[in-house]
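The values are calculated or read from the model by the stated rules, or taken from the named source; none is laboratory data. Keep in mind the model is a prediction, meaning the values are calculated, not measured. Heads up, the Cβs are rebuilt from the backbone with ideal geometry, glycines too, and the neighbour counts pull from every protein chain shown. Heads up: the accessible areas ignore ligands, DNA and RNA and are worked out on the full protein's heavy atoms, side chains in. Shrake-Rupley method; radii C 1.70, N 1.55, O 1.52, S 1.80 Å.
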Amino acid sequence: MHNITFAHPWILLGLVIVPIMVVWWLWKYRKQEAAVQHSGLALFAGIKKSLRQRLRWLPYALRIVAIAAIVVALARPQSELSREETTMEGIDIVVAMDVSTSMLAEDFSPNRLEAAKKVAEDFIDGRKNDRIGLVAFAGEAYTKVPLTVDHLVLKEQLESLKLGTLRDGTALGDGTATAINRIKDSKAKSKVIILLTDGVNNQGSIDPLNAAEIAAMYDIRLYTIGIGSKGKAPYPFRDQFGRVFYQNMDVEIDEDLLKQMSASTQDGLYFRATNKKALEEIFNQIDQMEKSKIDVLHFAKKKDEFLSLLWIALIALGLEAIVKWLWLKK
């Protein structure tokens, strides 16, 4: 972009001469005497002013333009051509989401799974420069979306997460291991797994603590989130006629295991979300801790622009002389 600056801005104070010249010309115009004195104006009734009479102010106006251009030129205007180079070191993140049937509990509105999906979507919107992947797990695990910067596709797949597509249960080790496979070869300066669950490990072929140790070997930070209110939570059931009824079920989250898993990785943390607002605050906290590094280099080149103003001044002075001594000559 071209930003005009002045090497000697104090010289611009000289522009105060412009309004002074205008006031002086108006005063002189009113004080001037008639070329021919006569006792009455009846002889001149109906006579219109000629074009030369109407433009008799033009030479003086051209002189003002020339003086103003010279003053601005003396202030030495300069244009600045600037350019910025941005170097960004992004963060790769895999969100591992529990989709076991217990996520239907309605201690979150409308239920745990939908609340988690909404909060995760807002989190994704705030990470525009990072690659993010999605893993779904229950009694088994699979990659829903590999690491990608196409967040529109990522959010569409997140929204499509449903219960019942996987064998029921909670396989924390398999979910963590699947996320590790998707991020272990990343060249990003920071690699993060966010594991969200509401249950106790009861399925899978991989021990959760072993999976966490593998994450530490690959310098992957593990954030674990236990989602669910304390005590009991309403859980929907269907009878043989398809009618829905609710029963309060115990909320069972293996917090000790989740704490050990996150502690196995450098700077890993465990969080407990007992309601949707708490879950939002957890994701906001993770968002603040995992900031991308951005280096900005600024280049600027200045160019003097006074020459065009001097040309304007010369042209204005030339036109003044032509108009005054040829066209408006008395």
Check: How many residues are closer than 25 Å to Asp207 by Cα and touching a helix residue (DSSP H, G or I) at 6+ places or on another chain (Cβ under 7 Å) when one looks only at the stretch 133-160?
Finding: 12
Next item on the list: Taking Asp107 as meeting all but one of (1) among the acidic types (Asp, Glu); (2) closer than 20 Å to Phe283 by Cβ; (3) not in a loop (DSSP other than H, G, I, E, B), write down the number of the exception.
Entry: (3)
Notebook entry, point to check: Just one of the numbered conditions (1) open to solvent by less than 40 Å² (accessible area, probe 1.4 Å); (2) at pLDDT below 95 is not true of Glu106; which one?
Noted result: (1)
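Mind checking which strands (runs of 3 or more DSSP E) fall wholly inside the stretch 205-315 and carry at least 1 residues that are open to solvent by less than 40 Å² (accessible area, probe 1.4 Å)? Lay out the reasoning, then the answer.
Numbers: elements: 220-227, 232-238, 244-250, 269-273, 293-304.
Once the strands (runs of 3 or more DSSP E) in the stretch 205-315 are filtered for at least 1 residues that are open to solvent by less than 40 Å² (accessible area, probe 1.4 Å), what remains is 220-227, 232-238, 269-273.
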Checklist line | Members of the stretch 120-172 that are open to solvent by 60 Å² or more (accessible area, probe 1.4 Å) and touching a residue at least 60 places away in the same chain (Cβ under 8 Å) | finding: Asp122, Asn129, Glu140, Lys162, Gly164, Thr165, Asp168
Checklist line | Every pair of residues 6+ apart whose Cβ atoms lie under 9 Å, when the first sits in the stretch 281-300 and is modelled with pLDDT of 90 or more while the second is of a type in the set (Val, Ile, Thr) and not in a strand (DSSP E or B) | finding: Ile282/Val119; Phe283/Val119
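Filter the stretch 173-197 down to the residues that are part of a helix (DSSP H, G or I) and either touching a Lys or Arg at 6+ places or on another chain (Cβ under 6 Å) or open to solvent by 40 Å² or more (accessible area, probe 1.4 Å) (or both) and list them by number. Steps first, answer last, please.
In the first step, residues of the stretch 173-197 are kept if they are part of a helix (DSSP H, G or I); the result is 173-183.
Once the filter is applied, which keeps residues that are part of a helix (DSSP H, G or I) and either touching a Lys or Arg at 6+ places or on another chain (Cβ under 6 Å) or open to solvent by 40 Å² or more (accessible area, probe 1.4 Å) (or both), the stretch 173-197 yields Asn181, Arg182, Ile183.
Just checking, which of Arg30, Arg56, Arg63 is assigned to a loop (DSSP other than H, G, I, E, B) and either surrounded by fewer than 10 Cβ atoms within 10 Å (Cβ to Cβ) or at pLDDT 70 or above (or both)?
On the way: Arg30 fails: assigned to a loop (DSSP other than H, G, I, E, B); Arg63 fails: assigned to a loop (DSSP other than H, G, I, E, B).
When all the criteria are applied, what remains is Arg56.
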Next item on the list: Go through the residues of the stretch 79-95 one by one and say whether even a single one is out of contact with any Asp or Glu (no Cβ under 8 Å at 6 or more places or on another chain), crowded, with 23+ Cβ neighbours inside 10 Å and in a strand (DSSP E or B).
Entry: yes
Note to self: So Leu134 passes all but one of these: (1) modelled with pLDDT under 95; (2) not in a helix (DSSP H, G or I). Which condition number does it fail?
What the structure shows: (1)
Item checked: Residue list for the stretch 316-327, filter: over 11 Å from Ala61 (Cα atoms) and open to solvent by less than 70 Å² (accessible area, probe 1.4 Å) -> Gly318, Ala321, Val323
